[in-house]
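Read through the structure below, which is laid out as structure tokens, and then see the notes.
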Amino acid sequence: MPPPSPLDNVCVTPCRAPEQFTPGHRPTNKVDIWGWAATLLHMITGAPPWAADSLLQICTAVGVAKQAPPLPQGLPGQLEGLLRGCFEADPAR
């Protein structure tokens, strides 16, 4: 049996959690990119991503459908591109 990992007991805020926190996935350092972008999106909009959704809806959107949070209209192109890149469902990209 492998020794316990500090990641075995990770606790996250669902609205800022990438799909790597769904069952069957081990988080990597790439989750920090998603979390940073979710925090930035919260700062821009004044509300956390998926603020109106339930935990089940968030987990389904992120973990099953691999959806990024919706971005507000009117973002500068470079900022929108940065956020879309950070929310990329394939962490290898």
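Phi angles across the stretch 49-55 convert, under the Karplus curve 6.51 cos²θ - 1.76 cosθ + 1.60 with θ = phi - 60°, into 3J(HN,Hα) values of x, 6, 4, 8, 9, 7, 4 Hz, Gly and Pro given as x. With a ≥ b ≥ c taken as the square roots of the eigenvalues of the C-alpha gyration tensor of the stretch 48-93, please select rounded if a/c is under 1.5 and otherwise prolate if a/b is larger than b/c or oblate if it is not? Oblate is the answer for the stretch 48-93, as a/c is 1.5 or above yet b/c matches or exceeds a/b.
Which order do peptides 74-80, 28-34 fall in by mean Cβ count within 10 Å, highest first?
Working: 74-80: 10.0, 28-34: 15.3.
With the highest mean Cβ count within 10 Å placed first, the list reads 28-34, 74-80.
Length gained on full extension, I33 to R84: 17.2 nm, using 0.36 nm per residue less the C-alpha separation.
Throughout, read-outs are computed from the coordinates displayed, never taken from laboratory work. These figures come from a predicted structure and were not determined experimentally. Reconstructed Cβ throughout: ideal geometry from the backbone, glycine too, with neighbour counts over all protein chains shown.
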